[in-house]
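**Student:** This is the structure, below, for whatever I ask next.
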Amino acid sequence: MEQNTVDKLSFQVNALQEGFITLAKSSSLNDMAVNFLQILKKNFIFEEIYILQKNSATSNWEGLNTEIPDMVSILPYLDYSASLQMSYFPDQGIAAVITLPLPDSVYLGFVIIQRPEDRLSEIDKIVLKILMQVFDFAYKSFLDRKKEKKLIFDLNEKVFQLNNLVDTAIELSGFKNRNTLYSLALERASTITNASSSMMKISCGVGTDEYYTFPSNADHSEIEKNKFRIESSFVYKERRYTLILSEKETRGGATFFNDLDQLLLDALARQVAAAIENDDLNKQALEKKLLEKELAVAASIQQQIIPTTLPKIAGYEIAGINIPSKEVGGDYFDCIELKNGRYAFIIADVAGKGISAALLVNTLNAALYSYLEFDLPLTELSDKLNKIIYKASPSDKYITFFIAVLDP
């Protein structure tokens with residue numbers, strides 16, 4: 001008898017292997033149930049097989065493969081536990097009632113109807129139990145493949161997000177104006193995180209806030225109050241920039257963003273902050289370069305009014321040099337040959353340095369040469385120069401001025 005049982009079970013091995021391969025290729029639980037039904041019908045003579053499903057221990061049983069004509073009469077036979085349960089009720093016309101708990105907390109119930117003359121043998125019960133275990137193993141394999149696909153999808157999504165973040169950093173660094181920067185940042189943020197909409201709010205503490213949205217026709221007030229949102233902000237020059245993403249899009253509809261989405265948004269916000277700061281630094285560099293160019297021109301002009309050589313006067317030694325601490329300054333000297341062989345010696349110093357001092361020196365030089373042509377007395381000349389400089393200079397600027405006329 002024992003040898004006969006072994007022989008019959010050995011005969012089933014190939015069928016069990018083929019059954020596992022068929023079940024493992026299933027694309028869903030329903031598909032697996034349909035395939036398993038065919039395996040059972042191939043190995044047994046059953047009048048009817050009903051497959052039921054519970055999504056959790058507390059939910060109700062529902063037919064999985066077909067509508068059950070007398071569901072109420074079947075339910076009392078079904079039970080559920082943490083392990084495989086198999087019961088037999090041949091006197092009630094029920095060959096077997098099986099409860100199979102699956103790894104994802106789903107329960108399957110099998111109610112097998114059989115004619116009284118076709119009762120299950122002990123070998124049949126063993127084969128049926130093995131088939132249930134094969135179904136359990138195949139379902140675990142199905143879940144593993146499902147998890148593997150999800151892991152691969154998640155990995156590809158993260159690679160895509162990181163590549164997009166790198167591309168975004170490159171693009172943000174070359175923006176032409178602020179509006180372009182904001183629009184590009186919002187578009188990229190939405191693409192990387194699958195957000196349905198996004199916005200940037202710029203607050204300066206007083207006055208009206210600025211809003212930029214993606215898509216451009218999106219309502220910023222709806223984005224701000226949406227429950228499916230994340231945000232990241234930074235402060236630059238007393239202005240707060242806040243980036244908000246709304247409604248992460250998935251196959252199942254809008255949902256909450258995950259931790260990776262928040263990290264990506266924070267990284268993007270830092271890139272925007274860096275781009276704004278770099279833009280300001282570039283503008284400052286351009287302004288500095290322009291100022292240096294203007295200073296070079298001013299220095300060239302000032303050098304024109306400082307004599308490089310002085311007149312030679314018999315019996316006198318004359319020397320002078322001007323070394324400004326900056327490109328231009330307010331120091332000035334000259335020796336001007338007048339009519340009748342006389343010479344005017346001038347030394348002046350403007351309070352302060354830089355362009356403003358150089359402008360006053362140029363004003364002094366032009367006025368001085370003009371008045372010296374009229375051969376005015378020094379007191380009158382000094383008075384006229386004083387009035388001109390007074391009108392031309394701010395309150396914090398003045399000139400210390402000395403003039404003498406030599407009649408050799």
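The values are calculated or read from the model by the stated rules, or taken from the named source; none is laboratory data. This is a predicted model, so every value here is computed, not measured. Cβ atoms come from the backbone with ideal geometry, glycine included; neighbour counts cover every protein chain shown.
**Student:** Quickly run through the range 245-260 and pick out the residues that are in contact with a strand residue (DSSP E or B) (Cβ under 6 Å, 6 or more places away or on another chain) and among the acidic types (Asp, Glu).
**Tutor:** Selection gives Glu247, Glu249.
**Student:** Are there any strands (runs of 3 or more DSSP E) wholly within the range 207-274 with 2 or more residues that are within 14 Å of Leu186 (Cα to Cα), and if so which?
**Tutor:** Once the strands (runs of 3 or more DSSP E) in the range 207-274 are filtered for at least 2 residues that are within 14 Å of Leu186 (Cα to Cα), what remains is 210-214, 229-236, 239-250.
**Student:** Separate question: Between residues in the range 217-230 that are without any contact (Cβ under 8 Å) to a residue 60 or more places away in the chain and residues that are assigned to a helix (DSSP H, G or I), which pairs lie under 8 Å by C-beta distance while being six or more apart or on different chains?
**Tutor:** Arg229/Ile223; Ile230/Asp261; Ile230/Gln262; Ile230/Leu265
**Student:** Residue by residue through the range 207-253, note down the ones that are of a type in the set (Gly, Ala, Ser), surrounded by 15 or more Cβ atoms within 10 Å (Cβ to Cβ) and either over 18 Å from the mean Cα position of the chain (by Cα) or not assigned by TED's automatic domain parsing to the domain that holds Ala267 (or both).
**Tutor:** The first filter runs over the range 207-253 and keeps only residues of a type in the set (Gly, Ala, Ser), leaving 207, 216, 218, 221, 232-233, 246, 252-253.
Narrowing further to those that are surrounded by 15 or more Cβ atoms within 10 Å (Cβ to Cβ): 218, 232-233, 246.
Within the range 207-253, Ala218 is the sole residue that qualifies.
**Student:** Okay, next question. Being modelled with pLDDT under 90, acidic (Asp, Glu) and either within 17 Å of Ala344 (Cα to Cα) or not in a loop (DSSP other than H, G, I, E, B) (or both) is the requirement here; does Asp375 meet it?
**Tutor:** Judged against the criteria, Asp375 is a match.
**Student:** If we scan the range 386-396, do we find a residue that is polar (S, T, N, Q), assigned to a loop (DSSP other than H, G, I, E, B) and within 60 Å of the chain's Cα centre (by Cα)?
**Tutor:** Yes, the conditions are met somewhere in the range 386-396.
**Student:** Turning to a different aspect of this structure: Those residues that are under 11 Å from the mean Cα position of the chain (by Cα), farther than 19 Å from Phe175 by Cα and polar (S, T, N, Q), I need them from the range 254-286; list them, please.
**Tutor:** Once the filter is applied, which keeps residues that are under 11 Å from the mean Cα position of the chain (by Cα), farther than 19 Å from Phe175 by Cα and polar (S, T, N, Q), the range 254-286 yields only Gln262.
**Student:** Also, I was wondering about something else. Among the candidates Asn194, Asn179, which residue alone is touching a residue at least 12 places away in the same chain (Cβ under 8 Å), of a type in the set (S, T, N, Q) and touching a strand residue (DSSP E or B) at 6+ places or on another chain (Cβ under 7 Å)?
**Tutor:** Residue meeting the stated conditions: Asn194.
**Student:** Give the range 328-343 a look and list any residue that's in a loop (DSSP other than H, G, I, E, B) and not aliphatic (A, V, I, L, M), or say none.
**Tutor:** In the first step, residues of the range 328-343 are kept if they are in a loop (DSSP other than H, G, I, E, B); the result is 328-330, 338, 342.
If the condition is that a residue be in a loop (DSSP other than H, G, I, E, B) and not aliphatic (A, V, I, L, M), then Gly329, Gly330, Arg342 are the ones that fit.
Yes/no matrix, rows are residues, columns are (1) more than 16 Å from Trp61 (Cβ to Cβ); (2) touching a helix residue (DSSP H, G or I) at 6+ places or on another chain (Cβ under 6 Å); (3) in the same structural domain as Glu18 (by TED's automatic domain parsing); (4) surrounded by 15 or more Cβ atoms within 10 Å (Cβ to Cβ):
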{"site": "Asp79", "(1), (2), (3), (4)": "no, no, yes, no"}
{"site": "Tyr88", "(1), (2), (3), (4)": "yes, no, yes, yes"}
{"site": "Val97", "(1), (2), (3), (4)": "no, yes, yes, yes"}
{"site": "Phe110", "(1), (2), (3), (4)": "no, no, yes, yes"}
{"site": "Arg119", "(1), (2), (3), (4)": "yes, yes, yes, no"}
{"site": "Ile126", "(1), (2), (3), (4)": "yes, no, yes, yes"}
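**Student:** Can you tell me how many residues within the range 96-126 are in contact with a strand residue (DSSP E or B) (Cβ under 8 Å, 6 or more places away or on another chain) and farther than 21 Å from Ser83 by Cβ?
**Tutor:** Here the count works out to 4.
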